[in-house]
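Please read the structure below before turning to the comments.
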Amino acid sequence: MIKKLDIESDEFQTVFELTKQFTDKVCEEHGFVYNPEADVNESIQMGLTRNKLIYDKRYCPCFMVVGNTQEEKDKADNRLCPCTPALEEEIPAQGHCHCGIFCTPEYAKSIEEKAQLIEEEIVHSKGLKKDECEAILTKEQISGHEVESLLEARELGFVNFNLVDTREWMEWVGHRIKGTDYLIPTTSFYQALERIQDKKEVPVVVYCHSGSRSAYCQRIMLDMGFKSVANLDYGIITYQGEIISGE
């Protein structure tokens, strides 16, 4: 069953404010800055809040939480924010953590410069042919630009596929790709997947916030016999198409 959290509740808002104080402290202690894209930071802070309410710990929202009992979760080495891989590997090497919220000042500046270039020249590849659409759907990883083109082609009847969001209910309500067909959250994945068990022959595109949770779900779905499952590489944060919100 999909666990729904009321983001307007006093409980959620209280924990959300505490989480923002927590991420402020992480930045201050380690000399990090926030991602210039405010939506990225808010999404991660809300994900950390969600995990705090569900698991009583701020597990990284970009990865599935493995294990049922606390002992199993501890043994599975789930990522607790700020996680060791981010502090020791990702940020020193890439300038940002996997989720993108914590950045070095240098990386944040590069993101701002890149965003300015994108605003100056955004190119959309429209008019894909049927065989081009089918070829994209067979790929393991596809870009946000390709997802946008596929959705345009689907509206024209050139191709059929199901777009699946593997994030949580709260994230779905906050913002999702327009044209998403199903919400299959990772925290209730097997139960929610029953909704499309009879659609294994229809190609699937899965996405999450940054591409990690959906990649995990992608592997499971392929093992379960789904014909083709493509993952939105780097997740919804790279998608430049239309976004909607609400239930």
Handout entry: Taking the chain and dividing mean pair separation by its residue count, relative contact order in percent (alpha carbons under 8 Å, at least six apart)
Key = 19 percent
Handout entry: Theoretical FRET efficiency, 1/(1+(r/R0)^6), r = Cβ-Cβ of Glu194 and His145, R0 22 Å, to 0.05
Key = 0.10
Exercise for the section: Evaluate the Kirkwood expression for the hydrodynamic radius of the chain, namely the inverse of the mean inverse distance over all pairs of different C-alpha atoms, and round to one decimal in Å. Expected result: 19.0 Å
Problem - Normalised contact order of the range 3-63, rounded percent, pairs of Cα under 8 Å and 6 or more residues apart - result: 30 percent
Completion exercise
Everything considered on the Cα gyration tensor (a ≥ b ≥ c; rounded for a/c under 1.5, else prolate if a/b is larger than b/c, else oblate), the range 118-247 must be described as oblate
Handout entry: Average Cα contact separation per residue, the range 39-182, under 8 Å, 6 or more apart, as relative contact order %
Key = 15 percent
Problem - Extension gain from Lys178 to Glu88, taking 0.36 nm per residue of separation minus the Cα-Cα distance - result: 28.7 nm
Completion exercise
FRET efficiency for Leu80 and Cys27 from the Cβ-Cβ distance with R0 = 25 Å, rounded to 0.05, comes out at 0.90
Problem - Net length gained if the chain between Glu112 and Thr238 were fully extended (0.36 nm per residue, minus Cα distance) - result: 43.9 nm
Practice task
Label the range 31-106 by shape, choosing from rounded, prolate and oblate, from the square roots a ≥ b ≥ c of the eigenvalues of the Cα gyration tensor; if a/c is under 1.5 it is rounded, and otherwise prolate applies when a/b is larger than b/c, oblate when it is not.
Solution key: oblate
Completion exercise
Rounded to one decimal in Å, the inverse mean reciprocal Cα-Cα distance for the range 175-247, i.e. its Kirkwood radius, is 12.7 Å
Problem - Extension reserve of the Val66-Glu155 stretch, reckoned as 0.36 nm per residue once the Cα distance is removed - result: 28.3 nm
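No value in this document is a laboratory result; all are computed from the given coordinates. Note that the coordinates shown come from a computational prediction; the quantities given were computed from them, not determined experimentally. Neighbour counts run over all protein chains shown; Cβ positions are idealised from the backbone, glycine included.
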